[in-house]
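The values are calculated or read from the model by the stated rules, or taken from the named source; none is laboratory data. Keep in mind that this is a model prediction, so the values were computed, not measured. For neighbour counting, all protein chains shown are included, and Cβ atoms are generated from backbone atoms with ideal geometry for every residue, glycine included.
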Amino acid sequence: MALERELMMLNKPYVKSFKDKYGVVFYCIDMYKQPAFDHPLLKNHKLQVTKRANCHHLFSRIRVHPQESCPDGTVLIRRTLKQDLVNASVSLPRFRPQKDHSEIPGQHFAHLLVDSVEGSKFQAAGANMEVDNVAVPAGQVSSAQSLLVDDSCHSSVVSVVQSGWRDSQTRFMTLWTADDCRMTGCLNTLCRGFVVVSQTAAPAIVLRPGFAGISISKINNLNLNGTDLPDQLLYLKKNCTGFTHAQCDHTPHECFYQYAKCQDGLTGNWQVFLNQEMVGYFPKELINNMAGATQVQMGGIIYAPPSQKSPPMGIRVAPVPGKVTLASKFAQARVQGANIAK
C-alpha cells in the first residue's frame, strides 16, 4: 500500500503522454506541479526557469530527445512504475562516492579522482562520455558516472549513464544525496527533489550508442577557461585485490555526447546539462546548500551478485589476465572554479 501511495504522488496529472520507440511512457506535467515541489524543503522554492549558467557553451554537439516533446509550460517526466521504486531502494548505495575500494561485495570500479586545493572548491565539471548498449543480465549493472562531492557537508550530485536498470537499454540518470546515500538520496524523479525544466530531455531517457556530453555546475556564465584534465581512458586491469583501477592518458579529440553540471552563481542550484539541453537542477536546499565540490570523480562501475560473473564495463570489453584493456573513455574532461591539488 505504501508503494501505491507513492506512485500516486509521483505520477502527477499530465497534459500529454506518449511512448518513445523503446516503449517508455513519458508524461508532460505542469512545470509548477511536478513531484519535486512536494518535498518539504522546497515548500517556498521558486522555480528556476532561466538557464543562466551557460553550460551548453562548454560543448556543442547533437541534441538528445525522445520522439516527441512537451508543450510550453510543461516538463518531460518519465512515468514511474512500482518496480522502479523497488529497484531504486537497492541501487542507491552503489552511487556513493568511491574510496580506495568498493564497500559493496560484487561491485568494481575504475575512477579518476581529482581533488581541489585545500580551501577552494570546484564549481563545475563536464566531459564527453562514451556510451554503448551493454548486454547486462537481470540483477547486474554497468554504468559510467560523474560525481561532484563536497566532503565538508557529505553532499554529492551525480550524473550517470547506466545499463541494467530493469533492462539492457542505456539511460541517462541523476542522483543527489546530503549524507553519502545513508539516509537521504534520490534517483532520477523517483522521489521528490530533482527539478526538471526540459520539454525534450528527462532523467531515465534512453541514450543511443555513441557518446554523451553531461555536465553539472554552479557557475554563472561557465566558459572554456576551466582546467583541462587528461582525456580519461578507462583501462581494466586486475590487481591483487580483484578490483579494477584507472589509468589516464591523452587522446585525440573525438565527437561524443556531452554532459555538464553547472551551479548557477545567482541561485546556488546545481544545473545539469545533457548535450545542449538543460535537463534540470538540484536545488541547493536539498544538499546542505552545497557551495562547491572538494572532489570530482569520473569513471565506470559494474555490479553483479558475488556468485555471478561481472558484466562488461564500458564498450563490452572484459579484463584479460596479464593485459591492459581499453574499456571506455571520458574525453574533454574539464573542471572549473578551483585549482587541482597535486
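Pull up the stretch 295-342, narrow it to residues that are part of a loop (DSSP other than H, G, I, E, B) and charged (D, E, K, R), then point me to the one that is modelled with the highest pLDDT. First the steps, then the outcome.
Keep residues of the stretch 295-342 that are part of a loop (DSSP other than H, G, I, E, B), which gives 304-312, 314-316, 318-324, 337-339, 341-342.
From what's left, charged (D, E, K, R): 309, 316, 323, 342.
Values: LYS309: 86, ARG316: 60, LYS323: 63, LYS342: 66.
Across the stretch 295-342, the extreme among qualifying residues is LYS309.
Just the residues that are free of Cβ contacts under 8 Å to residues at least 24 places away in the same chain, in a helix (DSSP H, G or I) and not basic (Lys, Arg), please, taken from the stretch 1-33.
Listed by number, the residues that qualify are ALA2, MET8, TYR32.
Tally the residues that are outside any loop (DSSP other than H, G, I, E, B) and crowded, with 24+ Cβ neighbours inside 10 Å, restricting the search to the stretch 196-210.
Restricting attention to the stretch 196-210, the residues satisfying the condition of being outside any loop (DSSP other than H, G, I, E, B) are 196, 206, 210.
The next check asks that each one be crowded, with 24+ Cβ neighbours inside 10 Å; those that pass are 196.
Final tally of qualifying residues: 1.
If we keep just the residues of the stretch 23-51 that are surrounded by fewer than 16 Cβ atoms within 10 Å (Cβ to Cβ) and touching a Pro at 6+ places or on another chain (Cβ under 9 Å), which is farthest from GLN169 (Cα to Cα)?
Once the filter is applied, the top-ranked residue is LEU41.
Hey, could you check the stretch 155-178 for residues that are of a type in the set (Phe, Trp, Tyr) and assigned to a strand (DSSP E or B) and say which is modelled with the lowest pLDDT?
We begin by selecting, within the stretch 155-178, every residue of a type in the set (Phe, Trp, Tyr); these are 165, 172, 176.
Subset that is assigned to a strand (DSSP E or B): 172, 176.
Numbers: PHE172: 85, TRP176: 78.
Only one residue fits best here, namely TRP176.
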